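Enquirer: Input: one structure, supplied below.
The values are calculated or read from the model by the stated rules, or taken from the named source; none is laboratory data. Just so you know, these numbers come straight off a predicted model, no measurement behind them. Cβ placement follows ideal geometry from the backbone for every residue including glycine, while neighbour counts extend to all protein chains displayed.
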Amino acid sequence: MAQVWAFLVIVLFLVSSTAQLVGTAWLYSRRERFGPAGEAILGSLVASAIWGLSVVSLGGSNPGTRLFLSLSYLGWLWALYRLFANDGRHNSVRVIRPVVLALGFVELLQLVLIPLATRFAGHAGVDAIIFQLGATFRLLVCIGALVLVHNLYVGASPAGRQTLRLPALALGLMWLYDLNYYTVAYLSNSVPQTLGDLRAVVLLAMAALFALSATSKGGEFKLRPSRSVTFQSVSLLVIGGYLVAMVLIAQGLAYIGSDYVRLIQIAFVVAATALALVILPSPKLRGWIRVMLAKHLFQHRYDYRAEWLRFTQTIARGGEQVMPLHERVVQALADITDSPSGLLLTPGEDGGLVLDSRWQWRGLEVPAEALSPEATRFFEREQFILDLDELFVSGEQRGEAEFVPGWLREERRAWAMIPLLHYQRLVGIVVLARPAIVRKLDWEDFDLLKIAGRQLASYLAEQSGQEALGEAQRFDEFNRRIAFVMHDIKNLASQLSLLARNAEKHADNPEFRADMLVTLRNSADKLNALLARLGRYGAGGSEALEALPAVPCVERVIARYADEHPILLAEQQPCTIMVNADALEQALVHLVQNAIEASEPNAPVLVNVTVDRPFCRIEVVDAGAGMSPEFIRTRLFKPFHSSKPGGFGIGAFEARELVRAMNGRLDVESREGLGTRFIVRLPLEAAADLLEGRNDKPKGEEPPDNAEVA
């Protein structure tokens, strides 16, 4: 049995050494993935492979083998230091360089012990002292290296951790295993042969982890601002406590008996290593430690300089791949409280708040009106941050309970509502999700979130002002251009009218004359109607409304596209509406044309005409790609924003204005990937007088259009 085990150990070391040499050759062309640490990692892999081959050929206790082991340790310390150099922490955190130098010096002492062990071999007392010194030096190196690995990973940004995770895991695995190995060696005053034989598995795992790290794509290395000295000290205490526990447990295992000690030691080392690798990198554990340190060791919860730098970096980030400003607004507040996700609600046209943007919160269903106008006025007046957990547990303090909508009450992840105020005007509310480590918001949270919210409100107001200015400039340019168009069309209409009058006098064929007159008069009427619509924009004019059956008006529009695309009148309820026939036809043409362009060639567009008193409800439904909340908010009803090449971008805008001029409203419901539903509501004949009287109110009280994104 012993011979079989010895053969397996040799095979393991040969396989692991070969894997490291092959991995070194494969990683050579990919060494830039590790930044400045690339060459150091390759050299360390070679040194470890040579050590493994020496174990096979010379034996683990041979002076040459021990020399190569020390060289591999020095190489990995240098590689660890160069990993800090990726984001400049080897210069910004001054304690790193002295720690690495001190650990390197301790490891160099092994080179002194190697000739001494050879010189005094056979002297029981001296040999035991040298062995104890060697084990002690290695324990110091392992502890210090684990502290550095911990701070290498914890001090990196989330993007940097994606790249550092596997290299840090490889280094941590090696030194954590050796920490257990040399602890057992120190306590038993002998080499734990079985644990030494299994070190080949660690070498093989390291080669695999570095290979996986080189094939994965990581983000940039950026230093996450933190109170590094405190966290490093806590890391040292945690590892020291782990070592003490290891010593006590291993000492207790010595009393069990010689037949089971080796097996129990192996099982304990495996279990302890697995537990450390699972628990120590846990984000929840790190969050808990961070909260506890901030609560008990610092006068203030936040490092305000660090928070301000991170806040500014998030908002000022630029480039094509960067999230829109409205999503970065949510992220900037979420980073302060370690919230995993959030929503931004901004004012709609009716005075309430609607969903504007999501940040990592895709599954939550938000209604078209996320917050009522009354709730909006309440938050604008009270200007306070609402802790939803405190509200549900302790009850309301300022009467805020009635203004929390049902969809937020049902969402368990909802945690806080932060109003964004600019010159005492509410420009939005950010809803944050509950962080992994839940805590009660205190005065320091409220102060920081309030001032950050005001700063973010100024950014949103500035962007809104820029958009309004740009839109005004484009309208001015459009008005200048349309003046020429109107002039040309007016001349054409006059010419056609004159031609009609002359033809009436001079045409000899009565039938030809009649047909020509009908054609010319229809053309003239349509051109004059177009001029009237164009002249109405910006002039406040309106056209006379008349009672018309709704279904025939819709059928005429469908007939225009019968040969172009399948359109189905799925539901039709007869009703009479107060409209202008040309304006209604033009509005429906815009909506049907958009639905056709959004649909697949054979996917039918559905049109429904139903009664929804006091309105007639006309729906145009397609199964196209759908629209996002941001597109509906910023582009759908904004003139000159066209998604079609060569488009003028006024179709949806004109349709909404035409419907509004007939005392109606245009709503849109859309879901990305499923399709879009445009809903035109026009007053029935019986209710036209009532609705017209309501619309005589000031413009600020006019019922607006809604946009709902499911």
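Enquirer: Can you give me the number of residues within region 371-386 that are touching a strand residue (DSSP E or B) at 6+ places or on another chain (Cβ under 7 Å) and at pLDDT 90 or above?
Expert: 6
Enquirer: Mind telling me which of the residues 54, 48, 29 ends up being in contact with a Ser or Thr (Cβ under 6 Å, 6 or more places away or on another chain) and without any contact (Cβ under 8 Å) to a residue 24 or more places away in the chain?
Expert: Going through 54, 48, 29 in turn, just one is in contact with a Ser or Thr (Cβ under 6 Å, 6 or more places away or on another chain) and without any contact (Cβ under 8 Å) to a residue 24 or more places away in the chain: 54.
Enquirer: I would also like to ask the following. Name every residue in region 352-385 that is surrounded by 16 or more Cβ atoms within 10 Å (Cβ to Cβ) and either among the small types (Gly, Ala, Ser) or assigned by TED's automatic domain parsing to the domain that holds residue 672 (or both), in order of residue number.
Expert: Those that are surrounded by 16 or more Cβ atoms within 10 Å (Cβ to Cβ) and either among the small types (Gly, Ala, Ser) or assigned by TED's automatic domain parsing to the domain that holds residue 672 (or both): 352, 357, 368, 370, 372, 375.
Enquirer: List the strands (runs of 3 or more DSSP E) that sit entirely inside region 544-598 and contain at least 3 residues that are among the acidic types (Asp, Glu) and buried (at least 20 other Cβ atoms within 10 Å of the Cβ). Reasoning before the result, please.
Expert: Values: elements: 546-549, 567-572, 576-579.
Those strands (runs of 3 or more DSSP E) do not exist here; none qualify.
Enquirer: Mind checking which residues of region 206-216 are closer than 14 Å to residue 165 by Cα and assigned to a helix (DSSP H, G or I)?
Expert: Correct list: 206, 208, 209, 210, 211, 212, 213, 214, 215.
Enquirer: Keeping to region 677-690, report how many residues are at pLDDT below 75 and crowded, with 20+ Cβ neighbours inside 10 Å.
Expert: Step one: list which residues in region 677-690 are at pLDDT below 75, which gives 688-690.
Add one more test, that the residue is crowded, with 20+ Cβ neighbours inside 10 Å, and what stays is 688.
Count: 1.
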